[in-house]
Each structure stands twice: as structure tokens, then as C-alpha cells.
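Chemist: I have a structure here, written as C-alpha cells, and I will follow up with some questions on it.
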Amino acid sequence: MKHRDVELLAIGAGPANLALAVALEELAPAGLAADSLVIEQADTVAWQPGMLLPEAQSQVSFLKDLVTLRNPCSRFSFVNYLHSVGRLSQFINMGSLWPYRIEISDYFKWVADSLTRVRLEYARRCTSVEPLRDAEGTLTGWLTRLADGSTIRSRHLVMGIGRDAYVPEEFAGLPARRVIHSTRYIQRIAELPKAVPYRVAVIGGAQSAAEMFDAVQSDLPGCQPTMVMRSIGLKTYENSKFTNELYFPDAVDGFFDARPEAREQILKEMHITNYSGLNPATLEKLYSALYLDRLAGKGRLRVLTMHDVTSAREDSDEVVLELTDRRTGEVEELRCDLVLLGTGFVRSMPSLVRGLADALGLERVTVNRTYKLDVPGPATAGCYLQGVNEETHGIADSLLSMQAVRAWEITNDILADRAAGLAGEPAENVPMPLPPLPGTPVAVSAI
Ligand SMILES: Cc1cc2nc3c(=O)[nH]c(=O)nc-3n(C[C@H](O)[C@H](O)[C@H](O)COP(=O)(O)OP(=O)(O)OC[C@H]3O[C@@H](n4cnc5c(N)ncnc54)[C@H](O)[C@@H]3O)c2cc1C
């Protein structure tokens with residue numbers, strides 16, 4: 001089986017590691033970047049491909065792209081992408097800060113294709129990572145195993161693999177053909193015959209569930225969708241400009257240094273700004289669709305609020321969901337053919353990270369301020385976790401808002417390690433200054 005050594009291995013070519021690849025190219029082009037590899041399990045770069053719905057828009061400004069908050073002069077900006085593909089004037093004319101999801105995805109692909117030093121390989125799925133130690137017990141690197149049987153050894157490892165899809169245990173016993181999690185919606189729904197009058201249950205009350213409830217009405221034109229949620233009804237997410245400042249990269253320090261009870265309060269109060277709420281346009285569209293459905297006397301669309309799905313089973317040729325009304329405790333059955341899960345993601349660490357933590361003998365997975373996994377004992381190697389540190393780095397950790405500056409911080413940390421460990425490093429490997437605070441004028445020469 002093939003084995004390779006690289007200095008830095010980044011697992012996953014989502015926006016987090018693409019931002020890192022660009023930071024490496026811009027900050028350490030000849031040294032570290034040239035000995036860095038990004039591996040991606042898919043055949044291409046696509047942003048949340050299961051939910052790349054034609055009309056869905058990003059929920060953050062296009063200026064929070066992979067680079068602008070770190071380096072507004074970067075050639076990898078979203079604006080330069082628009083210019084390169086000949087759509088800049090039209091985008092300006094649209095007058096929106098929020099690009100369509102499909103064009104952000106295309107931008108990420110354009111960035112991946114534009115890398116000149118960092119290598120990126122597709123169809124490389126990591127199955128496990130093991131720590132490597134020398135005879136004295138010093139942690140010296142990582143051995144990454146891939147699904148094709150090959151292995152890669154690296155001194156620095158950056159995991160940007162997103163989160164694992166959450167399938168509540170009530171649905172775990174249903175046959176796979178009956179259940180579609182939002183992360184696979186587009187691919188799976190395309191395989192179904194359009195003319196069949198499916199009875200569809202959409203589970204969840206947040207953005208992904210709402211988007212599937214909307215999309216399935218045209219993707220399976222004969223279907224009858226019922227949306228089932230625990231909450232009192234669909235709500236828009238809260239978007240005060242004041243609390244939105246907690247999505248600034250420089251808010252991370254305050255959160256990281258806060259006392260546990262303060263972190264808890266912030267996450268609790270910020271929950272409705274990112275989770276469990278819909279963007280106003282989706283909410284309006286759904287309400288109009290329900291109103292028109294009632295007006296026409298069709299009764300095709302249903303929304304059941306304050307209901308728990310307490311069990312699910314396949315019975316003959318249908319799925320039976322047992323619903324418990326949270327108001328009365330009454331139990332009823334909902335018979336359907338297909339279940340769409342808008343149930344989000346597992347809050348704990350992804351299974352790949354948990355596997356590595358087990359191999360390291362860690363009881364808890366924690367990272368320091370610069371996202372480096374805390375590993376006791378001597379080490380000349382480091383592992384960084386991107387996008388899974390909401391508990392320590394705040395609500396924005398999984399979002400695009402953080403990625404440009406976080407990539408800068410991780411790159412700096414690795415460069416500082418290398419400069420400390422290796423005498424005579426090339427100039428580009430000298431650590432760069434940390435990001436300036438917002439409001440501080442940035443001299444172009446300093447970037
Ligand atoms: C439907 C949806 C809409 C969203 N909209 C927004 C938005 O508008 N704005 C915003 O800021 N955030 C949004 N988010 C949050 C989203 O988490 C971030 O935008 C962003 O995708 C996180 O980037 P990431 O690189 O950390 O993870 P991901 O985007 O999940 O990328 C992880 C990558 O790693 C790859 N990978 C996983 N496991 C392996 C493995 N074992 N081996 C190799 N490769 C692997 C995956 O294939 C994937 O390409 C949205 C999320 C969803 C689900």
C-alpha cells in the first residue's frame with residue numbers, strides 16, 4: 001500500500017481548509033505551502049452539497065469570504081471570483097450582500113482550482129488518524145489512514161471535516177430507503193420517481209427542515225408533505241446588529257476568556273441567531289404556500305407544531321410515526337412513505353476526532369485559543385480542529401464568518417512552531433502578526 005510523508009495534512013476541502021490553503025499560499029508560499037496536502041472524500045469541492053437548492057442564499061455577507069477579513073487585497077476574494085467569471089456587474093446590480101448558495105459553492109471550487117502550491121486530492125477519504133511517538137514518548141506526528149488503504153504521515157494535521165449528521169434514535173431502525181437526512185437531500189430525492197404521490201413527513205422546525213418542506217413540493221410534485229416539529233411554530237432567526245457583533249472574529253477572545261457560566265449564557269442567548277430560526281424570506285414563502293393551499297381547499301400541506309416523534313417503524317409498505325402531542329400527551333399515528341430529517345448535526349465531536357482522542361487517551365477533546373488540540377506530554381507535532389469548537393470559541397465557530405481569520409491564526413501558530421523548532425527557516429516562515437482589531441486601520445503593506 002502507498003505511503004507518503006507531508007509536513008502538513010489538512011483533512012476535508014470544505015471552506016475551513018480552503019481558507020487555510022489560501023492562507024498557507026499567501027503567508028508561506030515556498031516553505032510550508034509547498035509541503036502541504038489537502039484531502040477530500042468527495043470528487044469535487046461543493047458547499048453543503050445535499051442542500052445546494054437553487055434559490056437558497058447564504059446567511060452571511062459575501063465579504064465574509066475565505067480571505068477578505070484577513071487580507072482584503074487577496075486574489076482569492078469573492079469579488080475577484082465574480083470578476084473572473086464575468087458576473088461582477090450583475091452581482092452589484094442585484095444589490096444583495098447575500099449570494100446564492102450555489103455561487104458560493106462555485107466560488108469555493110474556483111478557489112480550489114486556483115491554488116498553485118498547496119496540493120488538493122479528491123476521492124481520498126480518511127478513515128482514522130493515529131498519533132506517532134518516538135522512543136521517549138514525544139508526540140512526533142500523525143498517521144492518517146485512507147479508505148483506499150494508503151497512509152500519510154504528517155507533522156501538522158488540520159481537521160476541517162464538518163460535523164456528523166444527527167439522526168435521532170427514533171429513526172435509526174427505519175430502512176435507509178425511507179429516510180433522507182438533509183445532508184443528502186438533493187442526491188437522494190433525485191433518485192425517486194417524480195409522479196408517485198408520496199406522503200412525506202418532514203421532521204424539524206429550523207432552516208433545513210423548512211427548506212426541504214418547500215423544495216419537496218416541487219421536487220416530488222404529487223407528494224403530500226407534513227412538517228412535524230416540537231416548537232410552537234416556525235420563527236425567524238434573530239438578527240440584531242448588536243448581537244451580530246458576536247460573529248466578529250475579534251469576539252472570539254472575549255468568549256474564550258469568559259467564565260463558564262458566561263459562555264453558557266452567551267450560547268443560550270445566541271441560539272436563536274443561528275439555530276432553530278428561519279430566514280424571513282423562507283418563512284414568508286412557506287406561509288404563503290400554506291395560505292394558498294387552504295384557499296384552494298387542497299389540504300395538501302400540513303404543519304404540526306408541539307409534537308414529538310416518539311417512535312417510528314415500518315409496517316407493510318409504509319412508515320408509521322408515533323406522535324405525542326406535547327400539550328395534551330395524546331398519541332396519534334402519522335402514516336407516510338418517506339421521512340425527511342431536518343434534525344441538524346451531532347453536537348459532540350465528529351467520530352473521526354473522537355477516534356483520535358481515544359488513541360491519544362484523552363477523556364475530553366479541548367483545543368487552545370489557536371485551535372490546537374490539547375495533548376498532554378512532550379510534542380513536536382500538532383493537530384488543529386476547525387469548525388467544532390463552539391463551546392470554547394463561540395457561536396460563529398462553524399460559520400464562514402470565522403474562516404479567514406482562523407486560517408490566519410492556525411497558519412501563524414504552525415509557522416511559529418516551525419520557526420522555533422527549525423533554525424535557518426526561510427523568511428516566509430517567520431510568524432506573521434495577529435489579525436488587527438476591527439476599526440484599526442490596516443496598512444496594505446502590513447497584510
Ligand atoms: C444547509 C446549510 C447551510 C449553511 N449556510 C450557511 C451560511 O449561509 N453561512 C454560514 O456562515 N454558514 C452556513 N452553514 C454552516 C456551515 O457549517 C459552514 O458554512 C461551512 O460549511 C463549514 O465549513 P467546514 O469546512 O468546517 O465544514 P464542511 O463545509 O462541512 O466541509 C467539510 C469537508 O470535509 C469533507 N470530509 C468529511 N469527512 C471527511 C473524511 N473522513 N475524509 C476526507 N474528507 C472528509 C467533506 O466532504 C467536506 O467537503 C450552513 C450549513 C448548512 C448545513
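Chemist: What list of ³J(HN,Hα) couplings, whole Hz, do you get for segment 214-227 from phi and the Karplus terms 6.51, -1.76, 1.60, once you set θ to phi - 60° and write x for glycine and proline?
Modeler: Result, rounded to whole Hz: 6, 5, 5, 4, 9, 5, 10, x, x, 7, 10, x, 10, 9.
Chemist: Okay, moving on. Quickly work out the THR236-to-VAL167 label distance, labels modelled 7 Å from Cα along the C-beta direction, and quote it in nm with one decimal.
Modeler: Placing both labels 7 Å beyond Cα along the Cβ direction yields 3.6 nm.
Chemist: What is the set of long-range amide H partners of VAL303 at a cut-off below 5 Å, with H atoms built 1.01 Å from backbone N?
Modeler: Amide H neighbours of VAL303, under 5 Å, 5+ apart: MET227.
Chemist: What's the Cα-based Rg to Rh of the chain, Rh via Kirkwood?
Modeler: So for the chain, dividing Rg by the Kirkwood Rh gives 0.99.
Chemist: Over the alpha-carbon set of segment 44-197, divide Rg by the Kirkwood Rh and report the Rg/Rh ratio to two decimals.
Modeler: Radius of gyration over Kirkwood radius for segment 44-197 works out to 1.05.
Chemist: Suppose R0 equals 35 Å. What FRET efficiency, 1/(1 + (r/R0)^6) with r the Cβ-Cβ distance, do TYR287 and GLU191 give to the nearest 0.05?
Modeler: 0.70
Chemist: Checking the cross-link filter: which lysines have an alpha carbon closer than 22 Å to that of LYS64, excluding same-chain neighbours under 8 positions apart?
Modeler: Result set, ordered by chain and number: LYS109, LYS241.
Chemist: Once the Cα atoms of helix 101-114 and of the chain are each reduced to a long axis, what angle between those two axes, in degrees from 0 to 90 to the nearest 10, is obtained?
Modeler: For helix 101-114, the angle is close to 20 degrees.
Chemist: So for segment 277-427, what percent of the C-alpha to C-alpha distances run longer than 26 Å?
Modeler: 56 percent
Chemist: Extension gain ASP43-ILE272, at 0.36 nm per residue separation less the Cα-Cα distance, in nm?
Modeler: 79.0 nm
Chemist: Continuing with the same structure: Of ALA289, ALA30, ALA404, which is the most mobile in a GNM of the chain whose springs link Cα atoms less than 10 angstrom apart?
Modeler: Highest fluctuation among the options: ALA289.
Chemist: What angle do you read, to the nearest 10 degrees and between 0 and 90, between the alpha-carbon axis of helix 280-295 and the longest principal axis of the chain?
Modeler: 10 degrees
Chemist: Accessible area per residue of segment 1-86 at 1.4 Å probe, in Å²?
Modeler: Working: 3200 Å² over 86 residues.
About 37 Å² of surface per residue is accessible.
Chemist: Does segment 252-339 classify as rounded, prolate or oblate by the C-alpha gyration tensor (a ≥ b ≥ c root eigenvalues; a/c under 1.5 gives rounded; else a/b over b/c gives prolate, otherwise oblate)?
Modeler: oblate
Chemist: Relative to the longest principal axis of the chain, what angle (0 to 90°, nearest 10) does the C-alpha long axis of helix 15-27 take?
Modeler: 20 degrees
Chemist: While we're looking at this one, here's another question. Residue farthest toward the positive end of the dipole of the chain, with Cβ of Lys/Arg at +1 and Asp/Glu at -1: which of PRO376, THR138, GLN59?
Modeler: Among PRO376, THR138, GLN59, the one farthest towards the positive end of the dipole of the chain is GLN59.
Chemist: Take the Cα pairs of segment 114-223, get the Kirkwood Rh, then feed it into Stokes-Einstein at 10 °C and 1.306 mPa s and tell me D in µm²/s.
Modeler: Approximately 87 µm²/s, per Stokes-Einstein.
Chemist: Can you tell me which of ALA209, ALA262, ALA416 moves the most in a GNM of the chain? Springs connect C-alpha atoms under 10 Å apart.
Modeler: ALA262
Chemist: Mean residue ellipticity at 222 nm from the helices of the chain, using -39,500 (n - 2.57) per DSSP H segment of n ≥ 4 over the full residue count, to the nearest 500 deg cm²/dmol?
Modeler: Numbers: 12 runs with 130 residues, N = 447.
Estimated from H runs of four or more residues: -9000 deg cm²/dmol.
Chemist: Going Cα to Cα from LYS298, which aspartates and glutamates come in below 20 Å? Please leave out same-chain ones fewer than 8 positions away.
Modeler: ASP214, ASP219, GLU284, ASP337
Chemist: Considering only protein heavy atoms and a probe of 1.4 Å, how much of the accessible area of segment 1-103 is carbon and sulfur, as a whole percent? Kindly include the intermediate steps, with their values, before the conclusion.
Modeler: Details: 2550 of 4410 Å².
About 58 percent, which is the carbon plus sulfur part of the accessible surface.
Chemist: Which one, TYR291, TYR237, TYR122, has the greatest fluctuation when you compute a Gaussian network model over the chain with C-alpha springs under 10 angstrom?
Modeler: Comparing TYR291, TYR237, TYR122 in the GNM, the peak value goes to TYR291.
Chemist: Can you tell me which of 297-304, 18-25, 123-130 comes out highest on packing, and rank the rest after it, using the mean Cβ neighbours within 10 Å?
Modeler: Result, highest mean Cβ count within 10 Å first: 18-25, 123-130, 297-304.
Chemist: Give the percent of DSSP beta bridges with both residues in the chain that are antiparallel, rounded to the nearest 5.
Modeler: Looking only at bridges with both residues in the chain, the antiparallel portion is about 45 percent.
Chemist: Please give the FRET efficiency for ASN244 paired with ASN93, using the beta carbon to beta carbon distance and R0 = 25 Å, rounded to the nearest 0.05.
Modeler: E(calc), rounded to 0.05, equals 0.45.
Chemist: Share of segment 156-263's accessible area from carbon and sulfur, percent, 1.4 Å?
Modeler: 55 percent
Chemist: Which whole-number value in Å³ per residue fits the convex hull of the alpha carbons of segment 1-130? If you can, show how the numbers build up before the last one.
Modeler: Numbers: hull volume 16.2 nm³, N = 130.
Given the Cα convex hull of segment 1-130, per-residue volume reads 125 Å³.
The values are calculated or read from the model by the stated rules, or taken from the named source; none is laboratory data. These numbers were taken from a predicted model, which means no experiment stands behind them. Counting neighbours? That spans all protein chains shown, and the Cβs are built from the backbone with ideal geometry, glycine included. SASA here: full protein model, heavy atoms, side chains in, ligands and nucleic acids out. Shrake-Rupley method; radii C 1.70, N 1.55, O 1.52, S 1.80 Å.
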